[in-house]
Amino acid sequence: MLGDSINNFSQSDSIELDLVEKQDAELCRVATIDIGTNSTHLLIAKLERKLNTFSIELAEKSTTRLGERDPSTGELTSLAMNRAFSTLKRFKDLSESYKVESLIIAATSAVREAPNGKIFISEIKKKIGLDVELISGAEEARLIYLGVLSGMQFGNKPHLVLDIGGGSTELILADSSEARALTSTKIGAVRLQREFIKKDPISSQNELFLRSFIRGSMESAIDKVSNRIEVGEIPVLVATSGTAMAIGSLISNKENHIQSKLQGYKITKNNLDEIVSQLIKMTPSERSQLSSLSERRSEIIVPGALILQTIMNMVNVNEIILSERALREGLVVDWMCRNNYLKDQLSFQGSIRERTVIHQSKRFGVNSKRSKRVSEFALTFYDQTRGILHNDNGEGRDLLWAAAKLHACGKHINISAYHKHSWYLIKNGELLGYSQSEHLMVAAIARYHRKSFPKKRHESWQLLVNESQRSLVNEMSLLLRLSCALDRRPEPLISKIVIEANNKKINIELIPNDLGQNLDLERWSLTKAILLIKTIKDVDINIL
């Protein structure tokens, strides 16, 4: 599991109530544009000062192919520049329609290496009125690190962040405190395809050459990051951007685990080796028929996949975690730091999970006072019934808290069968700091807090890929079921619950806010939940 366990939520609950009571929280929008080698990307982010965070309102991409430079001069071609001008004009209009406070534009390897790159930037200013910053490879790596850091909890583990672009590959060694090593190497999916692949499918001889070339090109960067890994540390490999996302989609489809989001999705070495072996044997036309690949991506996926596979072998890891956040989000974080939205680039890192859950809760209009009560009850049940109602070693506590906070978000769609709507919203929403499997488990815990228990035919159950995940969801959803049974009134009558558990016997005492208050409704509701739980758990539960 990525990140440290969240042991104390009282502070975040206090933050949440304060935020909700102040409905005039400062909001603004910022747009970023990444002018890359293969594509130009637009991101519009909504920033919330009170949470020191941001959400993505719009993301668009246009295949501008600036990397297809003149073979004799290396200059950007007129055709490619015109495609970029058209795209940038459209992106500028979109940004203005969202009334963004600032538009930040960065150009990367294709523009910085072209002899006419600076002329191209001047023409953008002249024709469209946009200022473009030409960033170095090291700066690109730093911004990628910030982007990944904003969406993934690093904890106390070092992370190797790998970004395979069209013209360059960035490899960063970092932890939650600092980027220890920033590297940028002049190999990329478009560059390798343009310079070395004349026939596709490639021959075995060409494949061997490409692997050797990639290894030789990356040796310096690998040595730099390896020298800064301390003795005993085992880094986590994180991959981001187009090639990694495409490979992740192909593998998830093949494994029948089709994902709408790939944040936190894990790719094993065996799965990567298998998909690369298949892609190498296919023609571009055959690859373009795969649902996860666009026509352009099908042309450059093989060299990109070879870079990913070779680096994975060089750093000797068996698993890759995907991050959907990268350079564009890093530009947002950098802007937030420079404009006092963040005290520093790391101020959000220690509370990514709490902040993203609170943000989603607010987004879907969840009653914060009631969700706070439910989460407190749920954690009390968790802490006091270990070994009886659950056998979790600590991982489930974080997931139970998140599910308790968001279990009622489905009411935003419809009160009828709202637990199913909650599952859908959580599954397709943004839960930063959680791995892909943890994200699905949070959604499933919320799904099963009421009505029927899990069934094999349920999609929410099928998406949990192993028995340990299903067992954890089963146990945490029982605790959430008990907690929600006590939340029957808009205003609470229960101040706290006291639980005594011994062997297979649990006694629950409900403490009212005021002596003499009638808690019959809560007792009735809790009794119904207990009777259901007794059908699957051999345990004696009594209400005192």
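What is the one condition in (1) touching a helix residue (DSSP H, G or I) at 6+ places or on another chain (Cβ under 9 Å); (2) open to solvent by 60 Å² or more (accessible area, probe 1.4 Å) that Arg90 does not satisfy?
Among (1) touching a helix residue (DSSP H, G or I) at 6+ places or on another chain (Cβ under 9 Å); (2) open to solvent by 60 Å² or more (accessible area, probe 1.4 Å), Arg90 violates only (1).
Quick one: which residue in Glu101, Glu96 is loosely packed, with under 15 Cβ neighbours inside 10 Å and closer than 30 Å to Arg353 by Cβ? Spell out how you get there, then give the answer.
On the way: Glu96 fails: closer than 30 Å to Arg353 by Cβ.
Checking each option against the conditions leaves just Glu101.
Of these, Thr37, Thr53, Thr32, which one is modelled with pLDDT of 55 or more, open to solvent by 20 Å² or more (accessible area, probe 1.4 Å) and polar (S, T, N, Q)? Show your work before the answer.
Numbers: Thr37 fails: open to solvent by 20 Å² or more (accessible area, probe 1.4 Å); Thr32 fails: open to solvent by 20 Å² or more (accessible area, probe 1.4 Å).
Of the residues listed, the single one that is modelled with pLDDT of 55 or more, open to solvent by 20 Å² or more (accessible area, probe 1.4 Å) and polar (S, T, N, Q) is Thr53.
Looking only at residues that are among the basic types (Lys, Arg) and in contact with a helix residue (DSSP H, G or I) (Cβ under 6 Å, 6 or more places away or on another chain) in region 479-535, which one is nearest to Phe377 (Cα to Cα)?
In the first step, residues of region 479-535 are kept if they are among the basic types (Lys, Arg); the result is 481, 488-489, 496, 504-505, 523, 528, 534.
Right, trim to in contact with a helix residue (DSSP H, G or I) (Cβ under 6 Å, 6 or more places away or on another chain) and you get 481, 488.
Working: Arg481: 10, Arg488: 13 Å.
Looking at residues that are among the basic types (Lys, Arg) and in contact with a helix residue (DSSP H, G or I) (Cβ under 6 Å, 6 or more places away or on another chain), I get Arg481.
Just checking, does region 144-167 include any residue being open to solvent by 60 Å² or more (accessible area, probe 1.4 Å) and either over 24 Å from the mean Cα position of the chain (by Cα) or basic (Lys, Arg) (or both)?
At the first step, the residues of region 144-167 found to be open to solvent by 60 Å² or more (accessible area, probe 1.4 Å) are 156-157.
Narrowing further to those that are either over 24 Å from the mean Cα position of the chain (by Cα) or basic (Lys, Arg) (or both): 157.
There is at least one residue in region 144-167 that is open to solvent by 60 Å² or more (accessible area, probe 1.4 Å) and either over 24 Å from the mean Cα position of the chain (by Cα) or basic (Lys, Arg) (or both).
Which residue is most open to solvent (accessible area, probe 1.4 Å), if the candidates are limited to region 511-525 and must be touching a residue at least 24 places away in the same chain (Cβ under 8 Å) and within 16 Å of Ala485 (Cβ to Cβ)?
This residue is Leu521.
Among the residues of region 411-425, write down those that are touching a residue at least 24 places away in the same chain (Cβ under 8 Å) and either touching a Lys or Arg at 6+ places or on another chain (Cβ under 6 Å) or open to solvent by less than 10 Å² (accessible area, probe 1.4 Å) (or both).
Those that are touching a residue at least 24 places away in the same chain (Cβ under 8 Å) and either touching a Lys or Arg at 6+ places or on another chain (Cβ under 6 Å) or open to solvent by less than 10 Å² (accessible area, probe 1.4 Å) (or both): His419, Ser422, Trp423.
Here's a check for you: in region 526-544, which residue that is open to solvent by less than 40 Å² (accessible area, probe 1.4 Å) and closer than 22 Å to Ser375 by Cα is farthest from the chain's Cα centre (by Cα)?
First pass over region 526-544, keeping only residues open to solvent by less than 40 Å² (accessible area, probe 1.4 Å): 526, 529-530, 533, 539, 541.
Add one more test, that the residue is closer than 22 Å to Ser375 by Cα, and what stays is 526, 529-530, 533, 541.
Details: Leu526: 36, Ala529: 34, Ile530: 36, Ile533: 34, Ile541: 39 Å.
The selected residue is Ile541.
Would region 358-372 turn up any residue that is open to solvent by 10 Å² or more (accessible area, probe 1.4 Å), more than 30 Å from Arg191 (Cα to Cα), outside any helix (DSSP H, G or I) and in contact with a Ser or Thr (Cβ under 8 Å, 6 or more places away or on another chain)?
Within region 358-372, not a single residue is open to solvent by 10 Å² or more (accessible area, probe 1.4 Å), more than 30 Å from Arg191 (Cα to Cα), outside any helix (DSSP H, G or I) and in contact with a Ser or Thr (Cβ under 8 Å, 6 or more places away or on another chain).
Pairs only if they're at least six apart or on different chains, beta carbon under 7 angstrom, first in region 448-473 and closer than 18 Å to Ala404 by Cβ and assigned to a loop (DSSP other than H, G, I, E, B), second at pLDDT 90 or above and among the small types (Gly, Ala, Ser); list them, first residue then second.
Tyr448/Ser477; His449/Ser477
For a quick check of your reading of the model, give me the residue pairs whose first member lies in region 175-186 and is in a loop (DSSP other than H, G, I, E, B), whose second is of a type in the set (Ser, Thr, Tyr), with beta-carbon atoms closer than 9 Å and at least 6 apart or on different chains.
Within 9 Å, the pairs are Lys186/Ser109; Lys186/Ser168; Lys186/Thr169; Lys186/Ser217.
Go through the residues of region 190-207 one by one and say whether even a single one is under 23 Å from Met152 (Cα atoms) and within 27 Å of the chain's Cα centre (by Cα).
The answer is no; no qualifying residue exists.
Looking at the structure I just gave you, is Asp70 without any contact (Cβ under 8 Å) to a residue 24 or more places away in the chain and under 28 Å from Leu47 (Cα atoms)? Even if it seems obvious, please write down each step before you answer.
On the way: without any contact (Cβ under 8 Å) to a residue 24 or more places away in the chain: yes; under 28 Å from Leu47 (Cα atoms): no.
Criteria not met by Asp70.
Counting residues that are open to solvent by 60 Å² or more (accessible area, probe 1.4 Å) and among the small types (Gly, Ala, Ser), which helices (runs of 4 or more DSSP H) fully inside region 216-326 reach at least 1?
Working: elements: 242-254, 269-281, 284-288, 295-314.
By residue number, 284-288.
The values are calculated or read from the model by the stated rules, or taken from the named source; none is laboratory data. No experiment lies behind these values; they were computed from the predicted model shown. Glycine also receives a Cβ, built like all others from the backbone with ideal geometry; neighbour counts cover every protein chain displayed. With ligands, DNA and RNA removed, areas are computed over all heavy atoms of the protein, side chains included. Shrake-Rupley method; radii C 1.70, N 1.55, O 1.52, S 1.80 Å.
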